[in-house]
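Step one of this worksheet: look at the structure below.
The values are calculated or read from the model by the stated rules, or taken from the named source; none is laboratory data. Small disclaimer: the values here were computed from a predicted structure and weren't measured. So basically every Cβ, Gly included, is an ideal-geometry build from the backbone, and we count neighbours across all protein chains shown.
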């Protein structure tokens with residue numbers, strides 16, 4: 001009898017100790033950050049609309065035409081990161097939510113990068129994407145503009161050292177003006193290493209022409225300069241009003257919205273079309289992140305067609321929402337052609 005009376009307290013003590021350990025473990029987990037970030041579908045906005053009471057795309061100094069339907073840009077929201085206290089329970093909650101994803105923190109934040117720095121980077125990328133979108137749209141339409149490629153540094157020991165200087169701009173290579181179909185790096189490298197190149201240089205109001213022999217660096221002809229991202233001088237004003245959203249992935253949809261406003265024909269045919277993709281001035285469409293969350297956000301908003309960068313097609317397998325048709329695009333010209341084909345009932349490439 002005595003032994004039985006002692007057995008129960010021992011079991012109870014074991015349970016109490018185990019319970020305390022579980023509670024302590026949960027408490028530690030709740031206050032311990034994990035190096036992950038949760039991705040969720042973000043806002044989606046019609047580039048042809050006026051989401052904040054003013055047109056998202058504003059064009060002045062050139063005729064514009066009425067538009068119909070939707071050409072929606074899509075976004076991804078994230079939670080977590082340095083200093084946010086994102087814990088294992090936050091990660092599990094996102095992991096169990098069908099349209100959310102949990103990814104390593106390193107996919108959003110570089111080592112040592114703060115939340116504020118990421119926001120600043122995203123803002124700069126958004127501004128750049130708007131300029132590249134306008135450049136790509138005007139390039140597609142054959143409307144001329146000026147491209148400015150400024151030198152940021154000159155490498156010692158290269159042909160350009162002591163001849164070219166930071167702040168100067170390269171405006172032509174071998175007499176061919178720099179533009180959306182002719183970028184500086186490609187034109188310089190369109191020769192054998194060691195072959196000469198003629199550069200037109202502008203600074204302020206003065207222009208000069210110099211001739212340099214390229215240098216062979218790993219089999220590539222180089223002159224030894226680094227360039228800032230290109231800037232542009234357009235023949236009329238194009239402004240995109242979209243506060244509070246960053247990143248470069250709306251560029252393709254901005255470009256389509258600009259084209260739709262500058263042409264008589266409607267790209268949408270009244271349909272609800274969404275899409276994503278970073279855009280290059282020459283119209284090349286690049287891959288983006290968060291494609292699954294962007295598809296989910298687009299469908300939830302009412303989109304039935306989703307323009308998808310070709311390089312992202314492999315990321316869409318098994319994640320396409322019901323009722324959403326994917327259209328695979330590699331260039332802005334392809335995207336415009338595909339929208340015209342959809343209006344006329346013709347087949348278009350899909351992922």
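Some points to look at:
- Residue in the stretch 181-198 that is touching a helix residue (DSSP H, G or I) at 6+ places or on another chain (Cβ under 8 Å), outside the structural domain of residue 306 (by TED's automatic domain parsing) and more than 14 Å from residue 129 (Cβ to Cβ) present: yes
- The condition of being surrounded by 15 or more Cβ atoms within 10 Å (Cβ to Cβ) and on the phi > 0 side of the Ramachandran plot holds for only one of 224, 244, 251, 204, that being 224.
- Any chance residue 185 is outside any strand (DSSP E or B) and either more than 19 Å from residue 228 (Cβ to Cβ) or touching a strand residue (DSSP E or B) at 6+ places or on another chain (Cβ under 9 Å) (or both): yes
- Checked against the criteria, residue 270 does not count as crowded, with 21+ Cβ neighbours inside 10 Å and within 21 Å of residue 333 (Cα to Cα).
- Sole residue being part of a helix (DSSP H, G or I), modelled with pLDDT under 95 and surrounded by fewer than 19 Cβ atoms within 10 Å (Cβ to Cβ), chosen from 50, 93: 93
- Among the conditions (1) touching a residue at least 60 places away in the same chain (Cβ under 8 Å); (2) in a loop (DSSP other than H, G, I, E, B); (3) surrounded by fewer than 20 Cβ atoms within 10 Å (Cβ to Cβ), the only one that residue 128 does not satisfy is (2).
- Per the conditions (1) outside the structural domain of residue 304 (by TED's automatic domain parsing); (2) in contact with a helix residue (DSSP H, G or I) (Cβ under 9 Å, 6 or more places away or on another chain), the sole criterion not satisfied by residue 91 is (2).
- Residues in the stretch 138-166 that are at negative phi and assigned to a loop (DSSP other than H, G, I, E, B): 143, 144, 145, 155, 156, 158, 159, 160, 163, 165, 166.
- All of 283, 269, 251 fail the test of being at pLDDT 95 or above, more than 24 Å from residue 78 (Cβ to Cβ) and touching a helix residue (DSSP H, G or I) at 6+ places or on another chain (Cβ under 8 Å), apart from 283.
- When residue 121 is tested against (1) within 22 Å of residue 285 (Cβ to Cβ); (2) in a strand (DSSP E or B), only condition (2) is not met.
- Selection status of residue 162, out of contact with any strand residue (DSSP E or B) (no Cβ under 6 Å at 6 or more places or on another chain) and farther than 23 Å from residue 143 by Cα: yes
- Where a residue in the stretch 263-277 is in the same structural domain as residue 66 (by TED's automatic domain parsing) and at positive phi and its partner, wherever it lies, is assigned to a loop (DSSP other than H, G, I, E, B) and buried (at least 16 other Cβ atoms within 10 Å of the Cβ), with Cβ under 7 Å and at least six apart: 269/69; 270/69; 277/249; 277/288
- Every condition in (1) part of a loop (DSSP other than H, G, I, E, B); (2) more than 25 Å from the chain's Cα centre (by Cα); (3) modelled with pLDDT under 85 is met by residue 64 except one, and the failing one is (3).
Quick grid of which residues meet (1) part of a strand (DSSP E or B); (2) over 26 Å from residue 262 (Cβ atoms); (3) over 22 Å from the mean Cα position of the chain (by Cα):
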residue	(1), (2), (3)
171	yes, no, yes
193	no, yes, yes
202	yes, yes, yes
209	yes, yes, yes
239	yes, no, no
